[in-house]
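The values are calculated or read from the model by the stated rules, or taken from the named source; none is laboratory data. The structure presented is a predicted model; accordingly, all values stated were derived computationally and were not measured. As a convention, Cβ positions derive from the backbone with ideal geometry for all residues, glycine included, and neighbour counts pool all protein chains shown. Only protein heavy atoms, including side chains, enter the accessible area calculation; ligands, DNA and RNA are left aside. Shrake-Rupley method; radii C 1.70, N 1.55, O 1.52, S 1.80 Å.
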Amino acid sequence: MAATALAYLMRPLAWCLLLGVVAWVYWPGLDGPPILDDASNLRVLSKIDEDPSYARDVVLGNNSGPSGRPLSMLTFAVETLYFDGGIRLSKAINLGLHLCSGTLLMFLLHALLVGRRVKGGTALVISLASIWLLSPLFVSTVLYPIQRMAQLACLFTLASLLCYAHWRLRLMAGKRAWPLLALLPLLLAAAALSKENGLLGAPLVVLLELLWFQFKTADGVAPLRLRQGVFGLIAVGAVLSLLYLWLNSALLTGPYATREFTMWERLLTQGRILWDYQAQFFWPEVARLGVYHDDYRFSRSLADPRTTLWAWLAWGAVLLGTAAAACYARSRRYACAVLLFFLGHSVESSVLGLELYFEHRNYFPVLGVLLLIGLLAQDIGRALPELRTLMVVLLSLLAGLLGLQTASQAQIWSNDDLIRMTVFNGHPQSPRANVNLAVLLARAGAIDEALKMSARAGELRSERIGDRSARDLLLSCYANRPLPPDHLAQLPIWTAKGRVISQTNTLHFLVLKLQNGECPAIDVQDIADRFATLLLAPERRATVTAQVYAGLVVLENALGGTERALAYAEYYLEIEPENPQALLMRLHFANILGNDAVVSDSLGRLSWLREQGRLTREQQDTLDLYVDS
């Protein structure tokens, strides 16, 4: 009796020790900098510091996805309102979410695998979950604050599956647990409101029922309501998905207008990438890990590169095996594990016009791979009991090796300069890695070397002709040194034809530094004059994006160029006629210039948008200043 009690006590102690090790491994990385789009997504949080009532705008006004991901943004808003610990706290919360998700993953694996009453199943489950927790593939998810969106979607999806699994296990045991089933819709909604791929929770539950639980109950008779509910969900989900895609077809085709690859080429490439993800999860090439994978070669056809054909032949074999396994009750769980992986990747790794490769896309789907390994290990252990302990030891050793690699990656992620240099060494053909190294060199004052890296970045991708010009000006700001003689006059933006700038973030940071006087080596007025000559020409209207005009409005406002600012605002409004920001800009400068007709028109259109509920709290407050005056 005492030995049994001690064994049960050791399991939670072992798990807590594992979580402590994971936290220790990741801890150095909490001191790291913001990454990529952290700045653009989290910049709005500064508004909460100015006025807490703007928290609603932050939660409901995010544009990073069709849903706005309000639940994820709510966590950032609460964090800023009540704790305000900066980027370190954001990363610490992400680490906490990683530990919570790992715990849910362990419980889910336990419910699905140990529920089969296999000896030694708990040790197997802990070793599998430790691989997930310690895999260096997820360093770029945990230590990249804005990826909390992916983490929360995974957390609530795991909670949904765990909730359903426990309900089904109780039903199979002849018990009832309807509160668990009532909780399921709330968890599924939370996943979807965290990030769009959280919508996969419902089809994942259906998959679990079809191929894992297979409608089994204590008496062996499947409840009619359960069958009707599952097949009803399949029918309704299929209809709603097709209807949504038909009404929003631009979601599929629109993004490809700015990509170097087509939808077909992206789909072909994913065959190679999905295999690469598996290699990086179990036996990572750490030099290639990180957030910069824009150097990944896309597939132009099945023969270019040749590995495309082999990758898809291998996946074809996997799918044929999965189809065969689904035909037999005893092997359907293998099919469930494989399809869980594919379904988890179906949103971000299929036909949507997203970037080709991101590590965080594996955060949930590898559950299917771990489940597959667990099933294989259990069946081998059942046939050869003497191998059970050996398999657990080998999996635990793999987790330990992965943990050592994760520890080295966390050290790299603790320092901005280390990140930039390491990423460049691992991805010398990445345009972004070259740009990041250029920024590092510029900050060190090495402007000539920085400009060479900037030029190389431009050669590595098909960038807009003005993007390099804006980038070189920004590098001059970072270095606090003027561009070399004649370099400014030779920048291609001033004589460019066609669309000039696409990297609006670069322009945003340049304008921000110019208006704040952080570029003493640059003649700001000269730059503004050049932009005006180039971009205020009527024939340029179709070649400039709305956000470029928005940035130039801000620049002219800082320089007191009211008439130019109004002209830019008008062009901005031509592109997006119902954009509240553009209308407020137009209203502001028309009011300064005393243009009553434009003021009246702007006020009328803004009032209509307010009635439609399309103004944020901040925009309404700004509008009230003009209405009351």
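Here Leu211 passes the criteria (1) in contact (Cβ under 8 Å) with a residue 24 or more places away in the chain; (2) of a type in the set (A, V, I, L, M); (3) more than 20 Å from Ser346 (Cα to Cα) except the one numbered (3). Pairing each residue of segment 596-612 that is within 11 Å of Val627 (Cβ to Cβ) and charged (D, E, K, R) with any residue that is open to solvent by less than 40 Å² (accessible area, probe 1.4 Å) and not in a loop (DSSP other than H, G, I, E, B), provided the two are 6+ apart or on different chains, yields C-beta distances under 7 Å for Arg610/Leu623. Residues in segment 189-200 that are under 14 Å from Ser72 (Cα atoms) and surrounded by fewer than 24 Cβ atoms within 10 Å (Cβ to Cβ): Ala189, Ala190, Ala192, Leu193, Glu196. Residues that are assigned to a helix (DSSP H, G or I), basic (Lys, Arg) and either touching a residue at least 40 places away in the same chain (Cβ under 8 Å) or open to solvent by less than 50 Å² (accessible area, probe 1.4 Å) (or both): does segment 531-551 have at least one? Within segment 531-551, one or more residues are assigned to a helix (DSSP H, G or I), basic (Lys, Arg) and either touching a residue at least 40 places away in the same chain (Cβ under 8 Å) or open to solvent by less than 50 Å² (accessible area, probe 1.4 Å) (or both).
Consider segment 602-629. How many of its residues are assigned to a helix (DSSP H, G or I), among the β-branched types (Val, Ile, Thr) and surrounded by 13 or more Cβ atoms within 10 Å (Cβ to Cβ)? Number of matching residues: 1. What are the residues in segment 61-91 that are hydrophobic (A, V, I, L, M, F, W, C), open to solvent by 40 Å² or more (accessible area, probe 1.4 Å) and without any contact (Cβ under 8 Å) to a residue 24 or more places away in the chain, if any? Correct list: Leu74, Val78, Phe83, Leu89.
Scanning segment 402-438 for residues that are β-branched (Val, Ile, Thr) and open to solvent by less than 20 Å² (accessible area, probe 1.4 Å), which turns out nearest to Arg288 (Cα to Cα)? Among those residues, the one meeting the criterion is Val423. The C-beta contact set for segment 1-26 (first residue more than 15 Å from Trp132 (Cα to Cα), second residue assigned to a helix (DSSP H, G or I) and at pLDDT 85 or above, distance under 7 angstrom, 6+ apart or interchain) comprises Arg11/Thr122; Ala14/Ile126. Of the candidates Thr322, Thr308, the single residue that is closer than 29 Å to Gly374 by Cβ, in contact with a helix residue (DSSP H, G or I) (Cβ under 7 Å, 6 or more places away or on another chain) and surrounded by 18 or more Cβ atoms within 10 Å (Cβ to Cβ) is Thr322.
Candidates Pro255, Pro203: the one that is open to solvent by 30 Å² or more (accessible area, probe 1.4 Å), under 25 Å from Ala153 (Cβ atoms), in a helix (DSSP H, G or I) and modelled with pLDDT under 80 is Pro255.
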